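Asker: I'd like to ask some things about the structure below.
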Amino acid sequence: MSIVEFDAALIRRYDKAGPRYTSYPTAVAFKAFTAAEYQAQATKSNQTTPLLPLSLYFHIPFCDTVCFYCACNKIATKDRSLSDKYLTYLFREIEMQAALYDRSRVVEQLHWGGGTPTFLNHDEMRSLMAKTREHFNLLTTEERDYSIEIDPRSVTVETINVLRETGFNRFSLGVQDVDEKVQVAVNRIQPIEQTRAVIEACRAVGAKSISVDLIYGLPFQTVEGFQTTLDTIIGLAPDRISVFNYAHMPHLFKPQRRINEADLPSAETKLQIMKLAVEHLTQAGYEYIGMDHFAKPNDELALAQANGTLHRNFQGYTTHADCDLVAMGVSSISSVANSYSQNAKTLDEYYAAIDAGQFPVIKGLVMTEDDVIRRHIIQELTCQFALDFAEVERLFNLHFAEYFAQELADLQPMAEDELLVLSTSGITVTPRGRFLIRNICMVFDKHLREQTTQQRFSRVI
């Protein structure tokens with residue numbers, strides 16, 4: 001069982017900007033990267049023994065309306081014809097990408113993200129999955145982990161039936177807050193009846209997992225109001241609940257300029273809201289997985305954490321550790337072999353590359369040996385809250401105390417603050433340190449150490 005202890009004074013002291021470590025190195029470290037470099041990594045990934053399975057990600061950038069808090073790559077539009085053109089190009093990328101990979105490689109994990117994937121109409125949903133199945137080796141058994149992000153405002157019971165028929169068995173719902181005053185302030189009016197109906201529809205079709213996303217730090221949120229939101233969502237009993245920190249960065253994300261800063265809760269109120277969330281959810285029987293994620297004890301994430309197989313990637317926590325992630329669509333990021341590559345961020349650039357018969361890759365990197373070592377360490381810490389020095393030495397043929405002398409020295413204050421136990425054999429993160437795991441990982445982040453600014457990252461709280 002994963003136990004977390006909320007120490008407000010410590011969190012105040014360690015509250016600074018830092019990455020969420022859905023990758024290491026993080027996207028901030030990406031540089032110019034060519035299609036040829038990406039293709040070389042794809043070829044390399046076909047030469048492993050045994051061949052690794054695949055994880056596929058599809059980015060659908062369109063939204064019917066813009067939520068003012070949003071920091072995703074999206075296009076707010078009422079023009080439904082845009083998705084038809086987009087899919088034409090996405091289908092061509094599917095053909096190009098599939099040609100790079102050994103057809104025997106099974107797709108264990110698949111995810112549609114956005115934007116709002118449910119912006120697509122039912123025929124478009126069916127055709128995108130059919131095109132994917134035509135070119136990749138999709139699973140038909142319930143062992144598959146095929147998930148989609150859902151805006152409950154944009155679906156009907158029929159939509160859920162269509163998604164289940166096409167192969168989805170995990171559904172992630174954006175809720176954020178059930179308080180109407182908060183919803184109005186962020187331009188996302190979503191009556192709880194709508195959310196309840198979608199969750200019931202997901203259950204009716206035998207969903208393997210249902211998750212709900214909440215956000216704290218939004219305008220007009222209070223401790224009392226957020227308790228109502230938590231009680232309401234706990235009553236709906238999703239398998240997983242995520243409670244994300246709203247990072248107000250209007251200089252980077254235009255929609256956030258529509259939020260009045262004077263309406264945002266204070267840092268102290270945010271701290272109390274998060275304290276409430278941790279205590280309330282754990283008392284309700286959810287386990288703290290890490291990085292704002294909670295899951296029921298019988299959920300695959302909790303079981304994977306218990307048996308040491310939990311993994312973290314661009315979709316957050318996952319049970320699929322050994323997969324090459326092939327991402328398609330505008331702005332999407334692949335993780336293949338020991339590389340990362342990101343597609344063009346605008347539709348015009350994306351379409352131009354596809355029209356020219358080229359992969360729409362614009363940046364990325366091939367990891368150095370040091371990157372690979374540090375990625376392993378950060379994965380272990382974020383997923384298992386522990387690190388075995390002997391295992392790192394065995395895997396990478398190094399002497400831990402010598403290689404990471406600076407990092408071990410930097411961890412001493414954290415050990416003194418009882419965020420972790422530091423011994424000659426390893427690191428164990430304490431219950432009070434689990435909520436500050438980002439700070440602990442940052443000690444091992446060489447790229448962050450060399451950066452001049454951290455403004456692109458959200459704060460821990």
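Asker: Let me spell it out: the conditions are (1) modelled with pLDDT under 95; (2) over 22 Å from the mean Cα position of the chain (by Cα); (3) of a type outside the set (F, W, Y), and G115 meets all of them except one. Which number is the exception?
Answerer: Answer for G115: the failing condition is (2).
Asker: Of all residues being of a type in the set (S, T, Y) and touching a Phe, Trp or Tyr at 6+ places or on another chain (Cβ under 7 Å) in the range 1-29, which is surrounded by the fewest Cβ atoms within 10 Å (Cβ to Cβ)? Just the residue, please.
Answerer: T22
Asker: If you check every pair at least six apart or on different chains, which have Cβ atoms under 9 Å apart with a residue in the range 304-333 that is under 30 Å from A352 (Cβ atoms) first and a residue that is surrounded by fewer than 23 Cβ atoms within 10 Å (Cβ to Cβ) and of a type in the set (K, R) second?
Answerer: From residues that are under 30 Å from A352 (Cβ atoms), the pairs are D324/R105; V330/K345; S331/K345.
Asker: Considering only residues that are open to solvent by 50 Å² or more (accessible area, probe 1.4 Å), out of contact with any Gly (no Cβ under 9 Å at 6 or more places or on another chain) and acidic (D, E), which ones fall in the range 145-184?
Answerer: Listed by number, the residues that qualify are E158, E165, E180.
Asker: Does at least one position in the range 450-461 carry a residue that is more than 20 Å from D371 (Cβ to Cβ), assigned to a strand (DSSP E or B), at pLDDT 95 or above and open to solvent by 50 Å² or more (accessible area, probe 1.4 Å)?
Answerer: The initial filter retains those residues of the range 450-461 that are more than 20 Å from D371 (Cβ to Cβ), namely 453, 455, 458-461.
From what's left, assigned to a strand (DSSP E or B): 459.
Filter once more, keeping what is at pLDDT 95 or above: none.
For the range 450-461, residues more than 20 Å from D371 (Cβ to Cβ), assigned to a strand (DSSP E or B), at pLDDT 95 or above and open to solvent by 50 Å² or more (accessible area, probe 1.4 Å): absent.
Asker: Can we say V278 is in contact (Cβ under 8 Å) with a residue 12 or more places away in the chain, assigned to a strand (DSSP E or B) and over 18 Å from F68 (Cβ atoms)? If you could, list the steps in order and put the result at the bottom.
Answerer: On the way: in contact (Cβ under 8 Å) with a residue 12 or more places away in the chain: yes; assigned to a strand (DSSP E or B): no; over 18 Å from F68 (Cβ atoms): yes.
In short, no.
Asker: Against the definition (surrounded by 17 or more Cβ atoms within 10 Å (Cβ to Cβ) and either within 25 Å of P431 (Cα to Cα) or at pLDDT 95 or above (or both)), how does F385 come out, yes or no? Full working, then the answer.
Answerer: Working: surrounded by 17 or more Cβ atoms within 10 Å (Cβ to Cβ): yes; either within 25 Å of P431 (Cα to Cα) or at pLDDT 95 or above (or both): yes.
The answer is yes for F385.
Asker: Taking the criterion of being of a type in the set (F, W, Y), buried (at least 19 other Cβ atoms within 10 Å of the Cβ) and closer than 26 Å to L100 by Cβ, would at least one residue in the range 69-81 satisfy it?
Answerer: Looking through the range 69-81, none of the residues is of a type in the set (F, W, Y), buried (at least 19 other Cβ atoms within 10 Å of the Cβ) and closer than 26 Å to L100 by Cβ.
Asker: Does any residue of the range 418-427 turn out to be assigned to a helix (DSSP H, G or I) and under 27 Å from the mean Cα position of the chain (by Cα)?
Answerer: no
Asker: Is at least one residue of the range 332-342 within 26 Å of R105 (Cβ to Cβ) and out of contact with any strand residue (DSSP E or B) (no Cβ under 6 Å at 6 or more places or on another chain)? Full working, then the answer.
Answerer: Initially, the range 332-342 is screened for residues within 26 Å of R105 (Cβ to Cβ), giving 332-342.
Now restrict to residues that are out of contact with any strand residue (DSSP E or B) (no Cβ under 6 Å at 6 or more places or on another chain): 337-338.
Yes, the conditions are met somewhere in the range 332-342.
Asker: Under 30 Å from R432 (Cα atoms), of a type outside the set (D, E) and either assigned to a helix (DSSP H, G or I) or in contact (Cβ under 8 Å) with a residue 40 or more places away in the chain (or both): does that describe R92?
Answerer: no
Asker: Out of L90, L56, L52, L100, which single residue is open to solvent by 50 Å² or more (accessible area, probe 1.4 Å), under 26 Å from the mean Cα position of the chain (by Cα) and at pLDDT 95 or above?
Answerer: Going through L90, L56, L52, L100 in turn, the sole match is L52.
The values are calculated or read from the model by the stated rules, or taken from the named source; none is laboratory data. All values derive from a computational prediction rather than experimental measurement. Cβ sites come from the backbone with ideal geometry, for glycine too, and all protein chains shown count toward neighbours. Note: areas computed on protein heavy atoms with side chains; ligands, DNA, RNA excluded. Shrake-Rupley method; radii C 1.70, N 1.55, O 1.52, S 1.80 Å.
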